[in-house]
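The values are calculated or read from the model by the stated rules, or taken from the named source; none is laboratory data. All of these numbers come straight from a predicted model, not from anything done at the bench. When we count neighbours, we look across all protein chains shown, and the Cβ atoms used for this are built from the backbone with ideal geometry, even at glycine. To get the accessible areas, we keep the full protein, side chains included, count just its heavy atoms, and leave off ligands, DNA and RNA. Shrake-Rupley method; radii C 1.70, N 1.55, O 1.52, S 1.80 Å.
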Amino acid sequence: MTDFQKYIQRYLDQIPTGDLLAELKRSEEKTVGIYSNLTEEQSTFAYAEGKWTLKELLLHLSDTERVFQYRMLAISRGDKNNLPGFDENEYAEKSFANERSLESLLDEYKLVRKSSCIFLETASPAALQTQGMANSNEISAETIGKLIVGHNYHHLTIIEERYLPKLGWM
């Protein structure tokens with residue numbers, strides 16, 4: 001197993017079932033459920049110095065999903081270019097998430113997720129099996145769709161283990 005395969009496997013292992021669309025919706029419901037119960041003050045909480053606030057983490061989910069959506073689209077359409085990687089910390093630093101309302105960030109997250117659902121509901125099985133290059137690694141469009149879900153679940157676990165207990169939720 002390559003380092004890349006090991007890296008993505010940690011996200012793929014987070015997905016409870018093989019039903020990608022159901023898991024997209026389930027992870028969205030769980031994310032929205034948590035964030036809908038936060039106050040504006042709680043949403044700017046970071047569990048340690050140098051860690052993202054809950055607002056930054058939510059926008060990170062939207063940003064990453066957008067990048068993954070583009071990769072799914074490009075690969076499923078047969079794009080042979082090596083799609084670029086991105087620096088998640090640089091994106092978070094320049095996101096100004098903490099200056100936005102929690103409601104605005106939640107609305108964005110839900111719209112981005114709806115877009116992913118529509119794409120995956122309407123893509124042909126053959127298109128989803130198409131292989132392409134992203135960040136110098138071969139990957140299928142479908143696997144990228146799974147990474148959206150696994151990445152979301154990964155961060156839900158971090159929220160539940162590192163943020164919510166310090167906010168007195170657990």
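Using a Gaussian network model of the chain in which every pair of alpha carbons under 10 angstrom is joined by a spring, one finds that among 28, 65, 88 the greatest mean-square fluctuation is at 88. Remark: the chain carries 53 Å² of accessible area per residue (probe radius 1.4 Å; ligands, DNA and RNA excluded). Projected over every direction and averaged, the convex hull enclosing the alpha-carbon atoms of the stretch 114-170 yields 5.4 nm². Coupling constants for the stretch 96-110 follow from the phi torsions by the Karplus curve (6.51 cos²θ - 1.76 cosθ + 1.60, θ = phi - 60°), and in residue order they are 6, 4, 5, 8, 9, 6, 4, 4, 5, 5, 5, 4, 4, 4, 5 Hz; glycine and proline get x.
Put a plus charge on the Cβ of each Lys and Arg, a minus charge on the Cβ of each Asp and Glu, and nothing anywhere else: the dipole of the stretch 33-127 about its Cα centre is then about 520 debye. Estimated from helices alone, the mean residue ellipticity of the chain at 222 nm is -19500 deg cm²/dmol (sum of -39500 (n - 2.57) over DSSP H runs with n ≥ 4, per residue). For residue 89 and residue 118, the FRET efficiency from 1/(1 + (r/R0)^6), where r spans their Cβ atoms and R0 equals 35 Å, is about 0.75. Ligands, DNA and RNA left out, the accessible area of the stretch 114-170 computed with a 1.4 Å probe is 50% carbon and sulfur.
For the pair residue 73 and residue 103 in one chain, pulling the backbone fully straight at 0.36 nm per residue adds 8.0 nm over the alpha carbon distance. Residue 147 sits with roughly 10 Å² accessible to a 1.4 Å probe, with DNA, RNA and ligands left out of the calculation. At an R0 of 30 angstrom, the distance between the Cβ atoms of residue 133 and residue 1 translates into a FRET efficiency of 0.95.
Measure off, as a whole percent, the carbon and sulfur share of the 1.4 Å-probe accessible area of the stretch 1-76, all protein chains present. Here carbon and sulfur together make up 51 percent of the probe-accessible area.
Please work out the Cα center distance from the stretch 113-170 to the stretch 72-91, rounded to the nearest Å. Value for the Cα centre distance between the two parts: 14 Å.
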